[in-house]
Amino acid sequence: MLSLVGNALAAISFVASAQTIRIANQGDATSMDPHSFNESMQLSITGNVYEGLVGRNKDLSLTPALATRWTQPTPNVWRFELRKGVQFHDGTPFTADDVVFSFQRASGDGSDMKSYTNDVKEVRKVNDFVVDLETKAPFPILPDVISLLYIMSKKWCEANQATKPVDRRKGIENAASFRANGTGPYRLRERQPNVKTSFSRNGAYWGAIEGNVTDVVFTPIANDPTRVAALLSGEIDVMEPVPVQDVARVNASANARTVTGPELRTIFLGMDQKRDELLYASVKGKNPFKDKRVRQAFYQAIDSEGIKRVVMRGASNPTALMVGPGINGFFPELDKRLPFDTEAAKKLMAEAGYPGGFEVTMNCPNDRYVNDGEICQAVAANLSRIGVRVTLQAETKGTYFPKILRRDTSFYLLGWTPSTYDAHNALNALMRCVDDKGSGQFNLGSYCNPKVDELTLKIQSETDKAKRNAMIKAAFELHAADIGHLPLHQQALAWGVSKKVALVQLADNFMPFKWMSVQK
């Protein structure tokens, strides 16, 4: 074990000072390009280097960032007054030109952030420090929506041939994959993908950095026991996730503790409901997932309480919805799963014409969510009881996400945290019919109900809270009746933290370096 720890941490080649913090995760960010991948871990890491017009406080409420003020002069126009005196890390002044460029870049080919911009009609420069965002319809939650759309330097991108985002689906890279030039509190110092990424404090940062951390070293350590051993030995200072079976052990140690809390992420399964024949299944000439009875059979064959008890060791909350508690638009009265019932599932399969089941490939990551590989193994075992023979393809997220984002899948596992902390985000990204403008960008199985689409558009522009919530509820009811996806659970946060470190744990699982301190 000590040898494994040594090998995993060999990239950390200097002795940590009191202001250096060493962080480990089970996986790595796939790129430093802030528009290349709409994944919370990647946006958390790049969010220390880049910033949006709007940011988040410790309670996840909105706070000014690169914009100091925003108003709505007309129902379809939001005006943002930009912060003056801000510089990118290379010394280039931040202006409205960078905002216009960044929104165009984020909405263009290769971007994974189109769902943030698909309802923005135009971004206009009013002057060097004022921009107008015109939306296609009234959009009262626009400031929430764009809080993770990070601003890049137009000059730097043009000089480095990085005017288009890195396209993870096609394996296309550019300078923004490995280098960065933001306005944030930390600068990217070195990037070695899947080995080490290091950051240094931005001494010219426009805002306050509450913590005392001057240097950050981020190291991916995929092996759970190795990651835990590194924390307990003091080789690293912060790690996540703590495997559920090791929480008590970490808490009993002399050097570390587990910081736990609820997470806003929902883990679910998706199915290809568009193709006439599945890419990876034994059924030929038709698609069994187009039949609601098959989708419901899969749902009722999965023992979510068993997964909670055995795989998650109690650290999950089985759910019937695509959003969980803490998200605006979560309705407890709707959060009632169909009963786990193997016999009922067998009957549905027989009624659908599959009494003997069929074979299907299931795509899963094994280093992204808490016990993700084990969850998929449990699902496969559950489905075997109704004759479904699952070929499990579990792989590192670096290859998993490009594959499923190309929709090169028949059956997959995914997790989602609504970045706006509002149900509209999940409806727009996961449940809306897919188009080339960014709607349904992460609806990877192409579930489509025009009534859900109609409600999603109305929810987007409705300002009356009671009417809006009623529409959210109606949309979720339609999706649940369709068995559009198979929700599994909300996972819990568990960070391993040295007793010498103070930090802030956010329910969206972001990890801001500026709020970290190391005891001297």
| Among the residues of region 465-485, is there at least one that is of a type outside the set (Phe, Trp, Tyr), open to solvent by less than 30 Å² (accessible area, probe 1.4 Å), under 30 Å from residue 187 (Cβ atoms) and not in a loop (DSSP other than H, G, I, E, B)? | no
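Here's the yes/no breakdown for (1) without any contact (Cβ under 8 Å) to a residue 12 or more places away in the chain; (2) part of a loop (DSSP other than H, G, I, E, B); (3) touching a Pro at 6+ places or on another chain (Cβ under 8 Å); (4) of a type in the set (Lys, Arg):
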| residue | (1), (2), (3), (4) |
| --- | --- |
| 108 | no, yes, yes, no |
| 133 | no, no, no, no |
| 143 | no, no, no, no |
| 167 | no, yes, no, no |
| 172 | no, yes, no, no |
| Restricting attention to region 386-413, which residues are touching a Gly at 6+ places or on another chain (Cβ under 6 Å), farther than 18 Å from residue 288 by Cβ and either open to solvent by less than 10 Å² (accessible area, probe 1.4 Å) or part of a loop (DSSP other than H, G, I, E, B) (or both)? | 397
| message | Among the residues that make up region 342-352, is at least one of them touching a His at 6+ places or on another chain (Cβ under 6 Å) and open to solvent by 10 Å² or more (accessible area, probe 1.4 Å)? | response | no
| message | Can you find, within region 262-274, the residue that is farthest from residue 321 (Cα to Cα) among those that are touching a strand residue (DSSP E or B) at 6+ places or on another chain (Cβ under 9 Å) and either open to solvent by 20 Å² or more (accessible area, probe 1.4 Å) or assigned to a loop (DSSP other than H, G, I, E, B) (or both)? | response | 272
| query | Tally time: how many residues in region 365-385 are in a loop (DSSP other than H, G, I, E, B), open to solvent by 10 Å² or more (accessible area, probe 1.4 Å) and either hydroxyl-bearing (Ser, Thr, Tyr) or in contact with a strand residue (DSSP E or B) (Cβ under 6 Å, 6 or more places away or on another chain) (or both)? | reply | 2
| What number of residues in region 59-93 are assigned to a loop (DSSP other than H, G, I, E, B) and closer than 15 Å to residue 144 by Cα? | 5
| request: Give the residues of region 292-315 that are buried (at least 19 other Cβ atoms within 10 Å of the Cβ) and under 23 Å from residue 447 (Cβ atoms), sorted by residue number. | output: 294, 295, 296, 297, 298, 299, 300, 301, 302, 304, 307
| Among the residues of region 321-336, how many are without any contact (Cβ under 8 Å) to a residue 60 or more places away in the chain and not in a helix (DSSP H, G or I)? | 2
| Does at least one position in region 275-285 carry a residue that is touching a Leu at 6+ places or on another chain (Cβ under 8 Å) and either over 19 Å from residue 340 (Cα atoms) or surrounded by fewer than 24 Cβ atoms within 10 Å (Cβ to Cβ) (or both)? | no
| remark: Subset of region 120-167, residues among the polar types (S, T, N, Q), open to solvent by 40 Å² or more (accessible area, probe 1.4 Å) and at negative phi, comes to 127, 163
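The values are calculated or read from the model by the stated rules, or taken from the named source; none is laboratory data. Everything quoted here is computed from the prediction, not taken from an experiment. Cβ coordinates were reconstructed from backbone atoms using ideal geometry, including for glycine residues, and neighbour counts include every protein chain displayed. Keep in mind that these areas ignore ligands, DNA and RNA; they rest on the heavy atoms of the full protein, side chains included. Shrake-Rupley method; radii C 1.70, N 1.55, O 1.52, S 1.80 Å.
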